[in-house]
Amino acid sequence: MKKQFLLIATAVCLSITSLMAQQGMQRQTPEEKTKATMEKLTAFNLAPAAKSKTETIFTDFYKATQKAMQEMRASGSDDREAFMAKRKELATERDAQLKLIFTQEQMKKWIDEIEPALRPQRQRN
């Protein structure tokens with residue numbers, strides 16, 4: 001009886017772990033990414049107009065990144081370096097727009113702390 005219970009408990013734990021891992025692998029939409037980014041920027045206490053502009057900048061950036069990824073996949077290319085170069089170009093463009101909104105301190109915090117935390121980390125097996 002104990003062995004059966006232990007076997008069932010183990011199976012349930014493995015099933016839950018597998019399900020949670022699959023949910024974590026789902027890709028976020030540009031809007032969801034923008035919302036997550038804006039939540040990290042709450043410490044900046046942006047004025048409503050600045051917040052709206054910032055949200056637009058991030059939405060445009062995430063949509064452009066998603067479009068570049070879709071184009072790369074559609075072409076059958078798996079050139080990671082080309083995609084990373086395009087993403088870096090888009091990020092430079094985004095940061096130039098953010099400099100017009102953020103103060104120097106906010107921009108420094110964005111570059112040094114917040115932006116690196118938003119980059120997806122590859123999971124090691």
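Since every read-out is calculated from the coordinates, none of them should be taken as a lab result. The structure displayed is predicted, hence computed values, not measured ones. Using ideal geometry, Cβ is built from the backbone for each residue, glycine included, and neighbour counts are taken over all protein chains shown.
The table for this structure:
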{"item": "Summed residue charge, Cβ within 15 Å of Lys33's Cβ, Lys/Arg positive, Asp/Glu negative", "result": "+2"}
{"item": "Under 19 Å from the Cα of Lys53 - aspartates and glutamates, other chains or at least 8 residues apart", "result": "Glu31, Glu32, Glu39, Glu93, Asp95, Glu105, Glu115"}
{"item": "Surrounding net charge for Ala82, when Lys and Arg each add one and Asp and Glu each subtract one, Cβ distance under 13 Å", "result": "0"}
